[in-house]
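Novice: Dumping the structure here so I can ask a few things about it.
The values are calculated or read from the model by the stated rules, or taken from the named source; none is laboratory data. This structure is a prediction, so every number in the text was calculated from the model and none was measured. Just so you know, the surface numbers come from the protein's heavy atoms only, side chains and all, with ligands and any DNA or RNA stripped out. Shrake-Rupley method; radii C 1.70, N 1.55, O 1.52, S 1.80 Å.
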Amino acid sequence: MFSSRWRFGLDRYSEVDLFTDRYEADVETLSQAIRAAASEEPDADGSVLFGHLKGTVVGLRYYTGVVNQGEMVGLVRQPENPYDRNAVMVANIYGNQVGHIKRELAAAMAHVMDNNLAKVEGVVHSGTKNTFTMPVMLSFWGKEENKNAVIEGMARRGYKLNTGGSSATVVIPFFFQLKNAFDNLFDGLMESKDGEKEAAKSVGTPLLPHQKQALSWMCARENKSVLPPFWEKRGELYYNSLTCFSAKEIPERIRGGILADDMGLGKTLTTIALILTNFHNGKPLPVETFVSVAVCECVQTICVESSVTESADDLSARTTLIICPLSVISNWLHQLEQHVRANVKLNVYLYYGSERNRSKAFLSSQDVVITTYNVLSADSGNKSPLHGINWLRVVLDEGHVVRNPNAQMSKAVLGLKAQRRWILSGTPIQNSVKDLWMLLAFLRLKPFDVREWWNRVIQRPVTQGDRAGLQNLQTLVKCITLRRTKSSKVNGRPLVSLPEKAVCVEQVELSQTEREEYELARNEGKNTIRKYVAEGTVLRNYADVLAILMRLRQHCCHPDLLAKTSSDLGKTSTPAELRERLIDKLRLVLASGSDEECSVCLESVHLPVITHCAHVYCRPCIAQVINTEQETARCPLCRSEIKANELVERHLIRLLQQCDSDGKWPSMLPLRCEDSSIKYLVVSQFTRFLSILEAPLREHGFSFVRLDGTMSQKKRTQVIQEFQSSAADSPAIMLLSLKAGGVGLNLTAASHVFLMDPAWNPATEEQCIDRCHRLGQTRKVVVTKFIVKDSVEENMVKIQRQKQDLVEKAFGSSNTERKTSRIDDIKALMEL
DNA sequence: ACCGCCGGGTGCC
DNA sequence: ACCGCCGGGTGCC
């Protein structure tokens, strides 16, 4: 199953006998990869070349548009043309008309174009000096299924497409190289951008070296007149080497670009510094200060670039408009407050809410106006003040959020008038090359702000694996982007250094009762496993073995965690009552955390089902157990008989948010809040354990929030914001489910981490710790791992690194050697 | 000659 | 356009 485009590509190869069948195995992966990279927009990058045709452009002498040798031209239907409703206009890249396609050919093309059977593109190879007509090479592109219709339709009108060309050739061996290059498109964009610039005095926070570099680069991008990528001066003309277009006037330079630094490197601070440092003519923004002495300092000219040429600018433009997602508005306000000197009066207006001041005069008198994409989008159309102002600068924060060109938001963004344009984004490409178009269009990077040219010159070549296309894309991105990652280095030193991290292991003693209960369970388990070992049935009962381990781990956390067996549900229940209770139980389990671990696969429960003995598993996992053991199938956790038709599924249940919060204060949480500003992450992989912790935390008057996998994205954002706040009444503790949230989760407000129970996979723990031990962390990070002494937890830690291996062996190949070592692992774990 | 041929006028769609 | 086409002038060789 591969895409028609690729089938087409392969047919080509067999035709020209370049490749043999051995490449066919790669086709699936290749097509998938390309599809993923292109997200298939059928009219652009999903198209194949039908063929070429030499045509004629006529009427040159009536129009001013000129073309160069090799220049691409656009073909536009003119159904309203009074002389011929089939008219096809020929225009150069700036949209200046060059001529028309000759009538008879236009009639044939009109049929193809109007029925959307193909897109027709033109390149002029010769005759550019002609007075009256010139030849044009037309190529027809479209969906594979329309190929024959187009070829036949043209042939019927006397035009035979030459289908022997090779422009659509996809050179497979280069593909992976290209794919790799594309993945690294935004890497290493620091070359020759290593000047540093001091921020204006009004910036109160000293910039780090890499931030000074960024400031220097941003000022240069705003002030220096550098030709945009692919433009060069040839005599009196400016020439674009990609499209072969030339113009007398200097192409409009891109004043701005993409700051694509990793999260946490200070894009916001750098942008604030830019606003204050680079006003007109490279001078700082003139701001009022409360202390007269400081006025002199602030207005003082710092480091005026000699190449500043702003004569054509509207010097009355003052305001920088910042557009961001709602969730980061507070961050901007906070950082402006934090980084702008206290004695500096910067006029900042938050253009948000129904009472917002829509006066253009008022808005353009501000230094900074902040608004959201939604407000901008809602405003656009009906006399939007934001669209009526010629801004000094527009900044798109988290710029990658606008990437669907058809969205209202995108149109609103593209309609803004500004002298300088910036995009801030940690991840400028979300999915594919396509995402870049919006960014280039916003920056008005001609000619790529027109989709056709972008598609023809960059997107299609790149998605079809063309080397030159990718190289052009790289050049393009390189010219307008600055990106550093956390691992980038300045003068051989890392950009930022993280504060120290200390990890200590706290051994926890079980109370006497707990120890007795634990030993009981352990001996039971030991005996069971011993029996399996003796019978040689360890592997057949592997799920059971893992369940035993799980129960022991739960013992180490809290007795209430231990799943109740069916006897607790009441043996006298009627089947209907039992079912009712089971549904209730499953609802509780799901409500308290869908990332509950399945005892069979050890992963978060996926497609949860509950057994009649009230244990929750992934449906596929438990189905496999039942399938293997057939009528003798027993619950891996409690050995009750289980039947496939007795499993109760989630979709029968109306999920209710409910927290199981009874429980007793676990003695293992030694919170000492000496410094009241220190915040804590309390992490467990058992969300029910987090629930158990809630009551005692409440009792002891701790303010806390909770983040687990069951929460909606909106709720998560809200909780994170609350926790990250430095306000005095903000929560000091976050109860965090180990697997909740993505890698991007930023919990730097916390500096202490309590890992309440060891995870099978040490990488999971590391990831969790990194949520607070990351850029933005100012304190030393202290991590405490609680391990119950003389328990399975200790052994778990010992074999943590082998866990992945263990699971693989459990469900992997049937290799005898592996089986033996697997059994050894289990024996070690149980101290057998 | 209801043709052919010549040469001037003319010219996108 | 150093073309093609059109239409008026013209007409044996």
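Novice: Could you tell me how far the Cα centroid of the stretch A:425-499 sits from the Cα centroid of the stretch A:535-564, in Å?
Specialist: Using only Cα atoms to place each centre, the spacing works out to 51 Å.
Novice: As a quick test, which of the pairs A:Lys129/A:Lys478; A:Lys248/A:Lys446; A:Lys360/A:Lys714; A:Lys197/A:Lys434; A:Lys201/A:Lys446 have an alpha carbon distance above 25 angstrom in this structure? Walk me through the numbers on the way to the answer.
Specialist: On the way: A:Lys129/A:Lys478 35 Å; A:Lys248/A:Lys446 15 Å; A:Lys360/A:Lys714 33 Å; A:Lys197/A:Lys434 34 Å; A:Lys201/A:Lys446 36 Å.
Those over the limit are A:Lys129/A:Lys478; A:Lys360/A:Lys714; A:Lys197/A:Lys434; A:Lys201/A:Lys446.
Novice: Quick check: with the 1.4 Å probe, what order do A:Phe230, A:Phe132, A:Phe689 take by accessible area, largest first? Mind showing how you got there, number by number?
Specialist: On the way: A:Phe230 30, A:Phe132 120, A:Phe689 0 Å².
From most exposed to least exposed: A:Phe132, A:Phe230, A:Phe689.
Novice: Sticking with this structure for a sec: Along its three principal axes, how long is the stretch A:41-170 when you only count alpha carbons? Whole Å, largest extent first please.
Specialist: Projected onto the principal axes, the Cα atoms of the stretch A:41-170 cover 39, 33, 28 Å.
Novice: Could you pull the accessible area for A:Trp760 with a 1.4 Å probe, rounded to 10 Å²?
Specialist: Near enough 10 Å² of accessible area.
Novice: Taking the Cα centre of each part, how many Å lie between the stretch A:90-124 and the stretch A:190-239?
Specialist: 41 Å
Novice: Same structure, new question: Equivalent-ellipsoid semi-axes (√(5λ), Cα gyration tensor) for the stretch A:343-490, whole Å, largest first?
Specialist: Here the semi-axes work out to 32, 19, 13 Å.
Novice: Going by Cα centres, the stretch A:683-739 and the stretch A:601-648 are how many Å apart?
Specialist: 31 Å
Novice: How big is Rg to Rh over the stretch A:51-106, alpha-carbon atoms, Rh as the Kirkwood inverse-mean-distance radius? Intermediate results must be reported in sequence, preceding the final value.
Specialist: Numbers: Rg = 11.0 Å, Rh = 11.6 Å.
We get a ratio of 0.95 for the stretch A:51-106.
Novice: What ranking of A:Cys479, A:Cys219 comes out by heavy-atom accessible area, probe 1.4 Å, highest first? Mind showing how you got there, number by number?
Specialist: Details: A:Cys479 50, A:Cys219 0 Å².
The ordering from most to least exposed comes out as A:Cys479, A:Cys219.
Novice: Starting from the amide H of A:Val505, placed 1.01 Å from N in the peptide plane, find each other amide H under 5 Å away whose residue is 5 or more places distant or on another chain.
Specialist: A:Lys785
Novice: What is the stretch A:230-275's relative contact order, in percent, from Cα pairs under 8 angstrom and six or more apart in sequence? If you can, show how the numbers build up before the last one.
Specialist: Details: 32 pairs, mean separation 9.5, N = 46.
It comes to 21 percent, rounded to a whole number.
Novice: Further question on the same structure: Rounded to whole Å and sorted largest first, what semi-axes of the equivalent ellipsoid does the C-alpha gyration tensor of the stretch A:734-798 yield via the square root of 5 times each eigenvalue? All intermediate terms of the calculation are to be shown ahead of the outcome.
Specialist: Values: eigenvalues 105, 32, 17 Å².
The answer is 23, 13, 9 Å, longest axis first.
Novice: Could I ask something else about it? Can you give the extra length, in nm with one decimal, that the chain gains between A:Leu775 and A:Lys129 once fully stretched, where that is 0.36 nm per residue apart less the Cα-Cα distance? Write out the running numbers ahead of the final one.
Specialist: Values: separation 646, 0.36 × 646 = 232.56 nm, distance 5.97 nm.
Length gained, A:Leu775 through A:Lys129: 226.6 nm.
Novice: Rank these by accessible area, largest first, 1.4 Å probe: A:Glu506, A:Glu794.
Specialist: Largest accessible area first, the list is A:Glu506, A:Glu794.
Novice: To continue, here is another question. Could you tell me the accessible area of A:Thr475 in Å² (1.4 Å probe, neighbours in place), rounded to the nearest ten?
Specialist: In the full protein context, A:Thr475 sits at about 60 Å².
Novice: Which value in Å does the Kirkwood hydrodynamic radius of the stretch A:209-489 take, with 1/r averaged over all unlike C-alpha pairs and then inverted?
Specialist: Details: mean 1/r = 0.0507 Å⁻¹.
With all distinct Cα pairs of the stretch A:209-489 included, I get 19.7 Å.
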